[in-house]
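Reviewing the structure listed below.
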Amino acid sequence: MTRSLLETEALTVRFGGHVAVDAVTCAFHAGQLTAIVGPNGAGKTTYFNLISGQIPVTSGKVRLSGEEITRLTASDRCRRGIGRAFQLTNLFPGLTVLENVRLAIQAHRPGSGSILSMATARTALTQEAMAVLERVRLDALRDHRVSELSHGNQRKLEVAMLIALAPRVYMFDEPTAGMSVDEAPVVLDLIAELKAETDRTILLVEHKMDVIRTLADRIIVLHNGALVADGEPGAVMASDVVQEAYMGKGLSLV
């Protein structure tokens, strides 16, 4: 088993009297892609929000490489190595494609200096940003404003910005949502490439079972905020708890 990079311990959040995530303890490992599934309202995105710091926990802990980060802000967690791609795109619509990626790289490696060194750094940032754009097949759109892009290209740009941050943990919340049949494979191929970088951990919330079967090394299942199944995809899909509670006659987790 690969080493644990990210852990949650009894992670819980309550909204009034509703327990949205209920004492979830789970460890995620470098080189492993874990799919997080469950019916709508199961707590999948809320669990993501707790890990990435978008909402505060009620109780429990989050650890990254053994260090507790439970009380850190989302931006601090990002600087520590947790990268999050949202179900809805989170971009700068008034800037160009290149400017978006360059800003992400600059945020990851802030610095200052003389005008000459700043100019040199800007050139280096641009070159690095172009390399990322080539990787996601958006280099031809480098000078287009984000507001001009199709939804699918905006999703690809969000993946590009995530890659630019070079996180240790990649978090994807339904990365192909709203994408066409032609657009989705590019994003899925990118996630597969990231998975091949065995020092990284990938968490994926996804409803499409064909995507899960293709990419996942492991599935965890949430129901009413609680962790009810965890293991190798074939075993989890075949388990009684999943078959009875989620699969039903339609073999669907949505």
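Within the range 1-40, restricting attention to residues that are under 20 Å from the mean Cα position of the chain (by Cα) and among the charged types (D, E, K, R), the residue that is farthest from Pro233 (Cα to Cα) is Glu9.
Criterion applied to Phe48, Phe92, Phe28 was being in a helix (DSSP H, G or I) and not basic (Lys, Arg), and the one residue passing it is Phe48.
Kindly provide the set of residues from the range 206-254 that are among the acidic types (Asp, Glu) and either at pLDDT below 80 or under 25 Å from Ser4 (Cα atoms) (or both), ordered by number.
Restricting attention to the range 206-254, the residues satisfying the condition of being among the acidic types (Asp, Glu) are 206, 210, 217, 230, 232, 240, 244.
Glu206, Asp217, Asp230, Glu232, Asp240, Glu244 - these are the residues of the range 206-254 that are among the acidic types (Asp, Glu) and either at pLDDT below 80 or under 25 Å from Ser4 (Cα atoms) (or both).
Among the residues of this structure, Ala42 does not count as one that is surrounded by fewer than 20 Cβ atoms within 10 Å (Cβ to Cβ) and either of a type in the set (A, V, I, L, M) or part of a loop (DSSP other than H, G, I, E, B) (or both). Screening Ser147 against (1) on the phi > 0 side of the Ramachandran plot; (2) assigned by TED's automatic domain parsing to the domain that holds Gln127 leaves a single unmet condition, (1). Among the residues that make up the range 163-175, is at least one of them in a helix (DSSP H, G or I) and modelled with pLDDT of 85 or more? Scanning the range 163-175 turns up at least one residue that is in a helix (DSSP H, G or I) and modelled with pLDDT of 85 or more.
Residues checked against (1) of a type outside the set (Asp, Glu); (2) within 14 Å of Pro167 (Cα to Cα); (3) under 16 Å from the mean Cα position of the chain (by Cα); (4) at pLDDT 95 or above:
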{"residue": "Lys44", "(1), (2), (3), (4)": "yes, no, yes, no"}
{"residue": "Gly66", "(1), (2), (3), (4)": "yes, no, no, no"}
{"residue": "Thr70", "(1), (2), (3), (4)": "yes, no, no, yes"}
{"residue": "Ile82", "(1), (2), (3), (4)": "yes, yes, yes, no"}
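What number of residues within the range 168-184 are under 17 Å from the mean Cα position of the chain (by Cα), farther than 12 Å from Glu158 by Cα and surrounded by fewer than 21 Cβ atoms within 10 Å (Cβ to Cβ)? Result for the range 168-184: 5.
The values are calculated or read from the model by the stated rules, or taken from the named source; none is laboratory data. Note that the structure is predicted; figures quoted are calculated from it, not measured. Positions of Cβ are backbone-derived with ideal geometry, glycine not excepted, and every protein chain shown enters the neighbour counts.
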